[in-house]
Ligand code: VG1
Ligand code: CO
């Protein structure tokens, strides 16, 4: 009989979840009691005043396979047993993509789940680790919950854990830990079945059979086994369609961020005459996607708009959409589709947790973020492979190239020319100073270059479903012609600060749609840099990453 031990501990400062969970260096997480304190703070916060409400419940646990994943999972299972959970469901090998975790939490109606991931951040002993709690609806904990977890972490005095040997995470089936059942399950099966229920698999299979070619870059992260099963085994794409398909603890030394900079293997594969028709990549935990055609890059904002406009080609969305939601910094391209369809367009702060209430209330069907996140009401997370399959479904039905579909979309709706400039690893004080400076500007009615300012503000959001208010969600400078620049500090980094600058301009003239966004946006980019005094305040003359 395993015995429950109460371990005395003292709080760590800074256990405050950011845009998506708590992310820190492995060295921080592996300090004695650090992970345990946070997990106990989660259990205490979701377990009600007495903490007892977790008793008898089921918890889902899994992660993106990065370094420290297995160690953390062993500790969490033993703590779940110590806190009275009846059952823990854990993905085999500790593997569970973020959208698959959301799928499993919903399907088996569990008391939420714990996902171990730092998403697109690099992994390995000197890199990042992360942890987040998802609520029973399957989505990331809303701010009220993350704030309660943080508050609890600041006063925590002990945690409960069962002393027992490690569980075998690689053996499917049930094991026991004291009174608790540990069920190791296939992390792919439920998710793959859900995908098959949403998309026209026969049409996609026929396309592959007819010679349609694609490459999927799993970036040595969690989606490898999912992509091999779905694309190669179920849809009949040739072996080798999935690149970098084996999850590695350090992602092969790479940065598992599906953008033009980090997914360079894929970009190379999609360049030139002999290139495949379609390319896609996903991130560390499988919730992001980048989509490419042959010699053609689709911005995430456009991807959401195109998928929304073509959604009824997919069996799971044949009835039409209830609404489209996007994060504030995402371009307004999806809003134009919503207007045409006569459905609402919602604008939320950055972070998937803000879409949950809209999806639960049936106010939105599709959602997306400019940061390579697209998803729908099928789960409560953004979903990388889902987006890839929706594109495949659209391509298989329309039988046109990615470039032709997107260019025709621009012709119909106009193009929201868009780019994001990231300044990574800047001094945190300088970053705060820059944001304070921007917050203090009164620009309404002024001219900046060729643009007249309609208004500037710090974006605040009142959730239309539950009325909760979130402030300081990004500085907007909006011009009279609808162009805008937006400034935010990242809430997912672990070193210094990252400034994100989002630039957007609407171009109705299709003769100009082929222009490179950096050229088409050059004047706005300069306005943004000057306004924020980026060089003077950060010493940077150029962004680190442009997407
Ligand atoms: C970034 C993105 C945001 C996304 C978040 C989590 O946050 O900008 O849109 O929801 O990452 O994605 P930030 O605060 O660094 O800008 V993931 O795939 O890292 O869970
Ligand atoms: Co991610």
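Structure notes:
- Relative contact order %, segment 307-444, counting alpha carbon pairs below 8 Å whose residues are six or more apart: 21
- In nm, spacing of pseudo-spin labels at residue 542 and residue 398 (7 Å Cα→C-beta vector): 3.4
- Among 477-485, 377-385, sorting by the average number of other beta carbon atoms lying within 10 angstrom of each residue, highest first, gives 377-385, 477-485.
- Stretching residue 10 away from residue 522 to a fully extended chain increases their span by 179.2 nm, per 0.36 nm per residue minus the current alpha-carbon distance.
- Distance between segment 212-273 and segment 375-419 - C-alpha centres, whole angstrom: 19
- Relative packing of peptides 350-360, 161-171 - highest average C-beta neighbours within 10 Å first: 350-360, 161-171
- Each peptide in 218-227, 400-409 receives the mean, over its residues, of other Cβ atoms within 10 Å, and ordering these scores from highest gives 218-227, 400-409.
- Beta bridge orientation in the chain: antiparallel %, DSSP, nearest 5: 70
- With the simple spin-label model, which puts each label point 7 Å out from Cα in the Cβ direction, the residue 233 to residue 444 separation comes to 5.9 nm.
- Oblate is the label for segment 450-547, because the ratio a/c of its alpha-carbon gyration tensor axes (a ≥ b ≥ c) is 1.5 or higher and a/b is not greater than b/c.
- Shape class of segment 304-393 from the alpha-carbon gyration tensor: rounded, with the ratio a/c of largest to smallest axis under 1.5.
- Calculated translational diffusion coefficient of segment 221-347 (37 °C, 0.692 mPa s; Stokes-Einstein with Kirkwood radius over alpha-carbon pairs) equals 202 µm²/s.
- Semi-axes of the equivalent ellipsoid of segment 393-527 are 30, 20, 17 Å, computed as sqrt(5λ) over the eigenvalues of the C-alpha gyration tensor in descending order.
- Modelled spin labels at residue 424 and residue 260, positioned 7 Å past Cα toward Cβ, are 1.6 nm from each other.
- Each part reduced to its alpha carbon centroid, segment 148-175 and segment 321-373 end up 36 Å apart.
- Sites residue 196 and residue 148, calculated FRET efficiency, Cβ-Cβ separation with R0 45 Å, nearest 0.05: 0.75
- Sorted largest first, the principal axis extents computed over the alpha-carbon atoms of segment 1-139 equal 37, 36, 30 Å.
- Spin-label zone in segment 91-105 - amide nitrogen under 20 Å from a point set 7 Å from the Cα of residue 30 along the C-beta vector: 94-95
- Expressed as a fraction of 2.2 N^0.38 Å, the value expected for a compact globular protein of N residues, the C-alpha radius of gyration of segment 56-122 is 1.05.
- Coarse-grained scattering of the chain at q = 0.07, 0.13 Å⁻¹, given as base-10 log I(q)/I(0) from a Debye sum over alpha-carbon atoms: -0.38, -1.35
- Antiparallel bridges, percent of DSSP beta bridges restricted to segment 117-262 (to nearest 5): 75
- Over the chain, relative contact order from alpha-carbon pairs under 8 Å, at least 6 apart, %: 13
- For segment 1-30, backbone nitrogen atoms closer than 12 Å to the point 7 Å from residue 461 Cα along Cα-to-C-beta are found at 19-20.
- Put the Cα centre of segment 472-547 next to the Cα centre of segment 28-94 and the gap is 40 Å.
- Helix 189-198 axis, angle to the chain major axis (alpha carbon atoms, nearest 10°): 30
Every number here is computed from the coordinates shown, using simple stated rules; none is lab data. This structure is a prediction, so every number in the text was calculated from the model and none was measured. Neighbour counts are summed over all protein chains in view; Cβ atoms, including those assigned to glycine, are modelled from backbone coordinates with ideal geometry.
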